[in-house]
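Take a look at the structure set out below.
The values are calculated or read from the model by the stated rules, or taken from the named source; none is laboratory data. What you are looking at is a predicted structure, and each value in this text was computed from that prediction instead of being measured. Glycine also receives a Cβ, built like all others from the backbone with ideal geometry; neighbour counts cover every protein chain displayed.
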Amino acid sequence: MSKIAASAKIHPMSFVEDGAIIGENVVVGPFCHVGPKVTLHDDVQLVSHVVVLGCTTVGKGTKIWPSAVIGGDSQSAHHSAVDTTLVIGENCTIREGVTMNTGTVEHGGTTVVGDNNLFLAYAHVAHDCRLGNNIILSNNVMLAGHVTIEDRAILGGGSAVHQFTRVGRQAFIGGLSAVSYDVVPYGMLNGNPGILSGLNIVGMTRAGIERAEIHKVRRAYKQIFEGEGNVRANAAAIREEYLDCPQALEIIDFIATANDRAISSPNRGK
């Protein structure tokens, strides 16, 4: 049997399958389909024509717009019949036609989306992705499987991110860019193939980072990407110099973390 809170409002033209858990003040508009293993936490709103499937949890206050399909099976060629999960955080806005898939057994089985994220029309979040908080995916952004997007990153319309790639905190990806390699925190990437074109100074300023700190980060960026050695060696060589600058240290540690993808740079892709 479904567990539906008394204050929930479910339109008579929608179908909520037995087993679904529906929280307080949830609104399910007309022509929606909610699967038997779905949990909609308090104050979730499905505007209309929304499909929520699989072992999917939608966090408090999230609003999902028409034609979105949330919690569908992964599109991996290796997808098995075993149930996997999708966890969406609180206060997300998921606009028209957005698709989000559950994880795969081979890689932990869970796709995770954090809080306060904005997904514009027809964005796609593939299996096993890990998304932080306060992220914006503009229209038609495509995330392949196993992508990691850190807090406050912004991805411009039509950009595409290769599988297993990381996009660092507060990075900015220009519209129609192809992200084939990891993008450092605060980095700005544009083009196809994507080229690192500097730092997201506007975003750093809006985040309240002081001008003196921004100058330190710019200096570290130049040492890393314009130095004589390779990117990883340059970053390691200057780490002690920036122990008092958390933003620069964040970039250095991001580069030092092992990953299947290389690091985007001003030269990579040319």
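Numbers below:
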| quantity | calculated |
| --- | --- |
| Where a residue in the range 120-138 is under 15 Å from Asp151 (Cα atoms) and its partner, wherever it lies, is part of a strand (DSSP E or B) and of a type outside the set (A, V, I, L, M), with Cβ under 7 Å and at least six apart | Cys129/Thr111; Arg130/Thr148; Leu137/Phe119 |
| In the range 75-105, residue surrounded by the most Cβ atoms within 10 Å (Cβ to Cβ) [restricted to those that are among the charged types (D, E, K, R) and within 17 Å of Ile136 (Cα to Cα)] | Arg95 |
| Unique match (being modelled with pLDDT of 95 or more, in contact with a Gly (Cβ under 7 Å, 6 or more places away or on another chain) and aliphatic (A, V, I, L, M)) among Val87, Val26, Val47, Val34 | Val47 |
| Verdict on Ser138 being crowded, with 21+ Cβ neighbours inside 10 Å, hydroxyl-bearing (Ser, Thr, Tyr) and at pLDDT 95 or above | no |
| Verdict on Gly108 being surrounded by fewer than 18 Cβ atoms within 10 Å (Cβ to Cβ) and more than 25 Å from Gly175 (Cα to Cα) | yes |
| Matching residues in the range 40-57 - criterion: being part of a strand (DSSP E or B) and either among the aliphatic types (A, V, I, L, M) or not assigned by TED's automatic domain parsing to the domain that holds Asp128 (or both) | Leu40, Leu46, Val51, Val52 |
| Output for the range 75-127, where each listed residue is of a type in the set (A, V, I, L, M) and under 20 Å from Ile154 (Cα atoms) | Ile88, Ile94, Val98, Met100, Val112, Val113, Leu118, Leu120, Ala121, Ala123, Val125, Ala126 |
| Subset of the range 157-214 (residues that are among the charged types (D, E, K, R), under 18 Å from Asp253 (Cβ atoms) and either free of Cβ contacts under 8 Å to residues at least 12 places away in the same chain or crowded, with 18+ Cβ neighbours inside 10 Å (or both)) | Arg166, Arg169, Asp182 |
| When residues of the range 58-93 are limited to those that are under 22 Å from Gln163 (Cα atoms) and in a strand (DSSP E or B), the one nearest to the chain's Cα centre (by Cα) | Ile88 |
